[in-house]
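Nothing in this text is a laboratory measurement; each read-out follows from the coordinates by a stated rule. If you're wondering where the values come from, they're calculated on a predicted model, not measured in any experiment. Counting neighbours? That spans all protein chains shown, and the Cβs are built from the backbone with ideal geometry, glycine included.
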Amino acid sequence: MQESKKKKNTNLGHRQRLREKFFETGISGFHDYEIIEILLTLGTPIKDCKPMAKELLEKFKTLPRVLEAPLKELKSVKGIGENNVFPLVFVKSAAEIYLKRKVENKDILSCSEDVFNYLYFSMREKDKEIFKVIFLNSKNQIIGIEDMHEGSIASSAVYPREIIKSSLEKSASALIFAHNHPSGSVDPSKSDVLITRRLVHACLNMDIRVHEHLIIGNNKYFSFADDGYIRKFTEEFIRFEKENLNG
């Protein structure tokens with residue numbers, strides 16, 4: 001009993017030191033396992049969480065992968081149960097909502113870094129591809145963000161009619177598309193180019209402009225706008241419209 005009390009006091013002292021370290025240096029002064037350890041302690045007020053934190057990091061390799069891991073896989077680690085795994089799942093969801101709301105109702109041109117931070121946080125190190133749509137009003141302010149597809153991004157998997165339906169419901173004037181490459185590479189595939197062309201044409205047909213399509217990779221991105229694709233597909237649509245009118 002005395003040994004158990006001593007261990008409890010040691011754990012409490014260790015956690016107090018971690019809290020003091022945070023207030024002195026901020027989170028940048030922490031190892032990844034220490035961040036995981038602190039989150040685990042929220043659901044495990046007495047037990048030593050350092051071994052579990054290190055085991056989670058060893059199993060999933062990175063902090064983002066620990067936070068993204070399915071509940072079942074997290075609980076496969078010895079000592080991890082619903083109580084101490086809850087903070088891991090909760091903090092990731094809370095951070096995503098924070099970053100999403102931080103960009104809503106803001107001018108896309110004045111908060112491009114915030115937009116990339118949100119997209120990178122919500123899409124990095126995903127095992128599946130996610131296709132997101134950012135809806136903009138006539139002032140280029142973000143009025144909504146939706147995941148429109150999860151899984152392999154093929155030209156047949158992303159439906160323009162669903163995107164246009166959501167755009168009309170939100171009275172969106174313009175759109176930004178984004179999807180991730182789980183491999184970390186941001187090189188656009190032939191399918192990525194075909195999807196972008198198809199979506200640009202379909203949206204312009206409903207008087208909705210497409211400003212951008214981003215591919216999110218390992219701390220980097222590819223811009224279809226910067227590479228000239230959006231302009232090319234827009235001009236292609238306008239030329240086609242003129243030819244039909246003259247014909």
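Odds and ends about this structure:
- Degrees, to the nearest 10: 229-246 long Cα axis against longest axis of the chain: 30 degrees
- Length-normalised contact order for segment 192-247 - Cα pairs under 8 Å, 6+ apart - percent: 31 percent
- With 10 Å bins from 0: P(r) over the chain, alpha-carbon pairs, percent: 7, 25, 28, 18, 13, 6, 3, 1, 0, 0
- Cα-based helix-to-principal-axis angle, 112-123 vs the chain, degrees rounded to 10: 60 degrees
- Options 213, 238, 200, ranked by Cα towards positive dipole end of segment 195-247, top entry (Cβ charges): 213
- Note that segment 48-55 has calculated 3J(HN,Hα) couplings of 5, 9, 4, x, 5, 4, 5, 5 Hz, one per residue in order, obtained from phi through the Karplus relation 6.51 cos²θ - 1.76 cosθ + 1.60 (θ = phi - 60°); glycine and proline are x.
- Backbone geometry of segment 19-36 corresponds, through the Karplus equation with coefficients 6.51, -1.76 and 1.60 at θ = phi - 60°, to 3J(HN,Hα) couplings of 5, 5, 4, 5, 5, 8, 10, x, 6, 5, x, 9, 6, 4, 5, 6, 5, 4 Hz, x marking Gly and Pro.
- Counting only DSSP H runs of at least 4 residues, each contributing -39500 (n - 2.57), and dividing by the residue count of the chain, the helix-based mean residue ellipticity at 222 nm comes to -17500 deg cm²/dmol.
- Dipole moment magnitude, nearest 20 debye, the chain about Cα centre, only Lys, Arg, Asp, Glu C-beta charged: 960 debye
- q = 0.16, 0.21 Å⁻¹: log10 I(q)/I(0) that the Debye formula gives for segment 104-246, counting C-alpha atoms only: -0.82, -1.42
- Non-local lysine pairs in segment 104-246, meaning eight or more places apart or on different chains, with alpha-carbon distances under 24 Å, amount to 21.
- Using C-alpha pairs below 8 Å separated by at least 6 residues, the relative contact order for the chain is 12 percent.
- Rounded to the nearest 10 degrees, the angle from helix 160-170 to the longest Cα principal axis of the chain is 80 degrees.
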